[in-house]
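Novice: I have a structure here, written as structure tokens, and I will follow up with some questions on it.
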Amino acid sequence: MKERLPELVSEYAPDLILANGENAAAGFGITPQLVDELLGLGIAVLTTGNHIWDKKEIVAYMTEQRNGRLLRPANYPGQVAGRGLFVGRTRAGLDYAVLNLQGRVFMPAIDCPFRTADALLATLPDSVKIRIVDMHAEATSEKLAMGWY
């Protein structure tokens, strides 16, 4: 990513760059240093999934809420460090939201992603027209169900 992203940004000039970073640490979680490095490349928001917790040092990072741009699935119970929704503005000045959810099929039992999506999306102001949902799941059917929902 370090090698290709600057070139792609230069060529295409995207207004918004999002990435999933949960396995950035050699396939097992993500570290605070990697988060800072990836965000420094111009990535606006990093989404994750169940492997975010593979590197224990990320818990303190998430607890500190340094910038809110590293998301964990929003449907983890409320006492879990971090948050699953980010609202920002693109380079072109458009408001956007990124919602990170995790499925439950073949995954640990957590809160319902559909109810969580409803609750969090209802909190967004009408001015936020761009709403991106990252659904981290094992079952393709669950991902498709969220997409249709």
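The values are calculated or read from the model by the stated rules, or taken from the named source; none is laboratory data. Predicted model, so just to flag it, every value in this text is computed and none were measured. Here the Cβ positions follow ideal geometry from the backbone for every residue, glycine too, while neighbour counts run over all protein chains shown. Side chains are part of the model used for accessible areas, which takes the heavy atoms of the whole protein and leaves out ligands, DNA and RNA. Shrake-Rupley method; radii C 1.70, N 1.55, O 1.52, S 1.80 Å.
Novice: Which Rg and Dmax, in Å, describe the Cα atoms of the stretch 38-79?
Specialist: Answer for the stretch 38-79, Rg first and Dmax second: 10.5, 31 Å.
Novice: Given the Cα-Cα distance of Thr90 and Asn23 and 0.36 nm per residue of separation, how much length would full extension add, in nm?
Specialist: 21.6 nm
Novice: Mind checking the stretch 1-89 for trypsin sites (Lys or Arg not before Pro) that DSSP puts in a loop (not H, G, I, E or B) and that have at most 11 other Cβ atoms within 10 Å?
Specialist: Those that pass, being in a loop and sparsely packed, are Lys2, Arg4, Lys56.
Novice: Also: With the crude spin-label approximation of a point 7 Å out along Cα→Cβ, what separation in nm comes out for Glu138 versus Lys56?
Specialist: In this crude label model, Glu138 to Lys56 measures out at 2.5 nm.
Novice: What number does the stretch 1-73 give for Rg over Rh if you use C-alpha atoms and the Kirkwood radius?
Specialist: My calculation of the ratio gives 0.98.
Novice: Across the chain, what fraction of all alpha-carbon pairs, as a whole percent, falls in each successive 5 Å bin from zero upward?
Specialist: The distribution over the chain is 2, 9, 19, 22, 21, 16, 9, 2, 0, given as percents.
Novice: Further, regarding this structure: Give the ranking of Val45, Val59, Val80 by solvent-accessible surface, highest area first, calculated with a 1.4 Å probe.
Specialist: Val59, Val80, Val45
Novice: Taking amide H atoms as placed 1.01 Å from N in the peptide plane, list the residues 5 or more away in sequence, or in a different chain, whose amide H sits under 5 Å from that of Gln102.
Specialist: Correct list: Ala74, Asn75, His136.
Novice: Counting residues in the stretch 102-144 as N, plug N into 2.2 N^0.38 Å and put the Cα Rg over that result.
Specialist: Computed over Cα atoms of the stretch 102-144, the ratio equals 1.31.
Novice: Let me ask another. How much area per residue is accessible in the chain when the probe is 1.4 Å and only protein heavy atoms are counted (Å²)?
Specialist: 54 Å²
Novice: Mean residue ellipticity at 222 nm from the helices of the chain, using -39,500 (n - 2.57) per DSSP H segment of n ≥ 4 over the full residue count, to the nearest 500 deg cm²/dmol?
Specialist: -8000 deg cm²/dmol
Novice: Here's a follow-up. Could you tell me the largest-minus-smallest coordinate of the C-alpha atoms of the stretch 74-133 on each of the three principal axes, in descending order and whole angstroms?
Specialist: 39, 20, 20
Novice: Antiparallel versus total DSSP beta bridges in the stretch 1-140: what percent is that, nearest 5?
Specialist: Just about 30 percent of them are antiparallel.
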